[in-house]
Number of protein chains: 2
Amino acid sequence: MSRKISVAAAQVGAINLNASKKETVQRLIKLLHEAAEKKVQLVVFPECTLTTFFPRHFIQSQEDLDHYFEHGEDITQSADVKPLFDEAKAHGVDIVLGYAERTPDGTGYNTSVYFSASQGKVISKYRKVHLPGRVEPFEDPNATNQLEKRYFKPGDLGFKAFRAPGLVPDAAKKSTAKEGENTAGKGDPIMGMLICNDRRWPEAWRVYTLQGAELLMFGYNTGGHMSHLWGGTSLPPEQAEKKALFHSRLVQQANSYMNACFSISSARCGMDDGKYHLIGGSSIVSPEGHVVAEARTNGDELVVAEIDLSECRRGKERTFDYARHRRIETYSLITQQTGVVEPELL
Amino acid sequence: MSRKISVAAAQVGAINLNASKKETVQRLIKLLHEAAEKKVQLVVFPECTLTTFFPRHFIQSQEDLDHYFEHGEDITQSADVKPLFDEAKAHGVDIVLGYAERTPDGTGYNTSVYFSASQGKVISKYRKVHLPGRVEPFEDPNATNQLEKRYFKPGDLGFKAFRAPGLVPDAAKKSTAKEGENTAGKGDPIMGMLICNDRRWPEAWRVYTLQGAELLMFGYNTGGHMSHLWGGTSLPPEQAEKKALFHSRLVQQANSYMNACFSISSARCGMDDGKYHLIGGSSIVSPEGHVVAEARTNGDELVVAEIDLSECRRGKERTFDYARHRRIETYSLITQQTGVVEPELL
């Protein structure tokens, strides 16, 4: 049974502080059109794709800040962004889009949605759980801030896996499954979304694959040259970029392998405003942890691969057959305590 | 404050089915002496170090099987093995040793102990939690078995981190700590043991580092050329070995990084009985996920590095500051369900 789908990471290069959302959405549509031409079925756009990565700035005016957020109940109806969803539907391409969300009660979330072209609507929403950074800006005016904990609340939707319809032609359906039939790995693909820093937290991947996820998708804004400002080290730019790329790739490969799932990562990258550098490295990784496609540039670029979701079965049925091998009675600290409790001094 | 310690993985090459434990222990002592000469303070020996990796054989006679296990209450008094502990104490070198343990009630465990030279005794014991393989042998008489689930029970001691005394000269002690002093990262090193397959399970690493672990240590017996027999694939020998080494290294590097801890891995490797191949690749990995020392051979070899445990602080206080970033309310599936529960078919 074929479970092959054609997927892409749509990497997006520099977006300056003064860029208009309309212009940026036009760049996304261009990538979408390229995907459609290449018969890609699913495109993953980065984290907070619609503007520059504003948490690096300490923005004190609520009005200024609000500009970076989408405010409506339904992102597909957001005036500046609607053309992207319309094009996705018209071309029959599913998309994952990351954006800053402001709810009616004023709460900010770092959000991504899965838009199903065949359904013509958003079928899953995820809000970033692992917010990095700080609430307060640095005192040093030259330091690059990371104020996600100031502008966003941790996601309140958990890690909810979902099935994406319309991608695998002969997927088993409730209406056609025989009574008692084991349809595991035969239905519509099971997916989950992460955002940026979430990828460094194995708990997030595990919760998704405990629901059978075969494909995890995430965008990121990850400092390269600038990481020495965030991190307090003083690595030369090339080394700082190399290090950030190494860690990003390492956690994607290892977590894909340890969870026997494919993953697609999509970078907001390049040099924003001529001075804030973000790494590229968008990639598609197999359940064996191998990179099957990766970005070659540090700008707008579509990274395409055909992946066969049935390749997940091998890991899920052998080395990572959770039912046979996991021992939850030994894991209780993971959900019992948030921080570290060290053994007593001797 | 110096938190530097000198550590080593003592990789052990081929051990045939008919090798005597006495001879094997002499090989371990030779590695220990080399460590002592090099002023190494802690040596990590592999998993089930004392015999060939017997779970690859279907052994039906209890008497034959018992030969591969240690039976006493105290491994340091086990006649064949006592000389190793005596030498460790005499030379002031701590050791981690993996062995097959038979308890008085007849239960088998895949066990490792931490022997503290300064204390002159075992100060921590770990029993492997994630047993790979099967209970029943393969029907194909040419297939290489992996019968750990037959010969061992899953470990019943959990993942209990411990402090190892005597390694860091100026470690804070209960008696000298000031009232209210934050001694995190200043006491004796906090450690934990894993065994082989455990290293592929991020839950195991996390439970240890939720207790502040700075150094995780594990031995392994991992099929290389033979993995095509275990796994049902038919990779050529070189590719099979390369793949096994890739996965072993990948999970060690990523989990060390995501847990901001050092790790030492020690392989039982080489070609047992001229036909059962096990990978080498023993290594010492930093909290940034970098390999700081690694084996060059596929035989008996000491892999040495001086590591500074204070390097863990950077990760533990920033990217992986659990108290600030973990969101346990979203992790509940990890301890609520062992196996996979897929979303319903649409």
- How many residues, within region A:250-276, are in a strand (DSSP E or B) and open to solvent by 10 Å² or more (accessible area, probe 1.4 Å)? 2
- Task: Go through region A:178-205 residue by residue and tally those that are assigned to a loop (DSSP other than H, G, I, E, B) and over 18 Å from A:T222 (Cα atoms).
- Result: 12
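Please go through region A:294-336 and pick out each residue that is touching a Pro at 6+ places or on another chain (Cβ under 6 Å) and either farther than 18 Å from A:A213 by Cα or part of a strand (DSSP E or B) (or both). Give the derivation first.
As a first pass, look at region A:294-336 and keep what is touching a Pro at 6+ places or on another chain (Cβ under 6 Å): A:309, A:311-312, A:315, A:327.
Of everything in region A:294-336, just one residue is touching a Pro at 6+ places or on another chain (Cβ under 6 Å) and either farther than 18 Å from A:A213 by Cα or part of a strand (DSSP E or B) (or both), namely A:R327.
Collect the residues in region B:319-336 that are farther than 18 Å from A:K153 by Cα and at the interface with chain A (Cβ under 7 Å from one of its Cβ atoms), keeping them in residue-number order.
Filtering region B:319-336 for residues farther than 18 Å from A:K153 by Cα gives B:320, B:332-336.
Once the filter is applied, which keeps residues that are farther than 18 Å from A:K153 by Cα and at the interface with chain A (Cβ under 7 Å from one of its Cβ atoms), region B:319-336 yields B:S332, B:L333, B:I334, B:T335.
Just need a number here: residues in region A:166-179 that are within 13 Å of another protein chain (Cβ to nearest Cβ) and exposed (fewer than 11 other Cβ atoms within 10 Å of the Cβ).
First, the residues of region A:166-179 that are within 13 Å of another protein chain (Cβ to nearest Cβ): A:166-168, A:171-179.
Subsequent filtering for residues that are exposed (fewer than 11 other Cβ atoms within 10 Å of the Cβ) retains A:174-175, A:178-179.
Residues in region A:166-179 being within 13 Å of another protein chain (Cβ to nearest Cβ) and exposed (fewer than 11 other Cβ atoms within 10 Å of the Cβ): 4 in total.
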- Among the candidates A:I15, A:I29, A:I5, A:I59, residue that is over 21 Å from the mean Cα position of the chain (by Cα) and β-branched (V, I, T): A:I59
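Every residue in region A:129-150 that is out of contact with any helix residue (DSSP H, G or I) (no Cβ under 6 Å at 6 or more places or on another chain) and either within 30 Å of A:E306 (Cα to Cα) or touching a residue at least 40 places away in the same chain (Cβ under 8 Å) (or both), please. Give the derivation first.
Filtering region A:129-150 down to residues out of contact with any helix residue (DSSP H, G or I) (no Cβ under 6 Å at 6 or more places or on another chain) leaves A:136-142, A:149-150.
If the condition is that a residue be out of contact with any helix residue (DSSP H, G or I) (no Cβ under 6 Å at 6 or more places or on another chain) and either within 30 Å of A:E306 (Cα to Cα) or touching a residue at least 40 places away in the same chain (Cβ under 8 Å) (or both), then A:P137, A:N142, A:R150 are the ones that fit.
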- Cβ pairs under 6 Å, 6+ apart or interchain, first in region A:283-307 and in contact (Cβ under 8 Å) with a residue 40 or more places away in the chain and closer than 13 Å to A:A254 by Cβ, second part of a strand (DSSP E or B) and of a type in the set (V, I, T), ordered by first then second residue, are A:V291/A:V285
- Message: Suppose we filter region A:124-155 for residues that are under 16 Å from the mean Cα position of the chain (by Cα) and more than 15 Å from A:C196 (Cα to Cα); how many remain?
- Response: 2
- Message: Within region A:139-165, take every residue that is in a loop (DSSP other than H, G, I, E, B) and more than 13 Å from chain B (Cβ to nearest Cβ) and give me the one that is nearest to A:V7 (Cα to Cα).
- Response: A:L147
- Quick one: in region B:194-215, which of the residues that are among the aliphatic types (A, V, I, L, M) and at the interface with another protein chain (Cβ under 7 Å from one of its Cβ atoms) is farthest from A:T319 (Cα to Cα)? B:L210
- Here are some conditions: (1) in contact (Cβ under 8 Å) with a residue 24 or more places away in the chain; (2) open to solvent by 60 Å² or more (accessible area, probe 1.4 Å); (3) among the small types (G, A, S). B:A35 meets all but one. Which one does it not meet? (2)
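In region B:1-37, what residues are hydroxyl-bearing (S, T, Y) and part of a loop (DSSP other than H, G, I, E, B)? Working first, answer last.
Step one: filter region B:1-37 for residues hydroxyl-bearing (S, T, Y), giving B:2, B:6, B:20, B:24.
The answer is B:S2, B:S20.
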- Which one is modelled with the highest pLDDT among residues in region A:198-248 that are out of contact with any Cys (no Cβ under 9 Å at 6 or more places or on another chain) and hydroxyl-bearing (S, T, Y)? A:S248
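How many of the residues in region B:38-83 are assigned to a loop (DSSP other than H, G, I, E, B), within 19 Å of B:R134 (Cα to Cα) and open to solvent by 70 Å² or more (accessible area, probe 1.4 Å)? Steps first, answer last, please.
Residues of region B:38-83 assigned to a loop (DSSP other than H, G, I, E, B): B:38-41, B:45-53, B:57-61, B:67-68, B:71-74, B:78-81.
Now restrict to residues that are within 19 Å of B:R134 (Cα to Cα): B:47-48, B:52-53, B:57-61, B:68.
Filter again for open to solvent by 70 Å² or more (accessible area, probe 1.4 Å), leaving B:58, B:60.
Going through region B:38-83 one residue at a time, the tally reaches 2.
Where residues in region B:236-270 are among the basic types (K, R) and more than 9 Å from every other protein chain (Cβ to nearest Cβ), which of them is nearest to A:G289 (Cα to Cα)?
Taking region B:236-270 as the starting set, the residues that turn out to be among the basic types (K, R) are B:242-243, B:249, B:268.
When the remaining residues are screened for being more than 9 Å from every other protein chain (Cβ to nearest Cβ), the result is B:242, B:249, B:268.
On the way: B:K242: 13, B:R249: 12, B:R268: 24 Å.
Checked region B:236-270; the qualifying residue nearest to A:G289 (Cα to Cα) is B:R249.
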- Message: One residue is enough: does region B:128-138 have a residue meeting the conditions surrounded by fewer than 23 Cβ atoms within 10 Å (Cβ to Cβ), more than 8 Å from chain A (Cβ to nearest Cβ) and in contact with an Asp or Glu (Cβ under 6 Å, 6 or more places away or on another chain)?
- Response: yes
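Between A:G289, A:G339, A:G281, which is part of a loop (DSSP other than H, G, I, E, B), buried (at least 22 other Cβ atoms within 10 Å of the Cβ) and within 10 Å of chain B (Cβ to nearest Cβ)? Talk me through it step by step, then tell me what you get.
Working: A:G339 fails: buried (at least 22 other Cβ atoms within 10 Å of the Cβ); A:G281 fails: within 10 Å of chain B (Cβ to nearest Cβ).
On inspection, the qualifying residue turns out to be A:G289.
The values are calculated or read from the model by the stated rules, or taken from the named source; none is laboratory data. Note that the structure is predicted; figures quoted are calculated from it, not measured. Cβ: placed from backbone, ideal geometry, glycine included. Neighbour counts: every protein chain shown. Heavy atoms of the whole protein, side chains included, go into the accessibility calculation; ligands, DNA and RNA do not. Shrake-Rupley method; radii C 1.70, N 1.55, O 1.52, S 1.80 Å.
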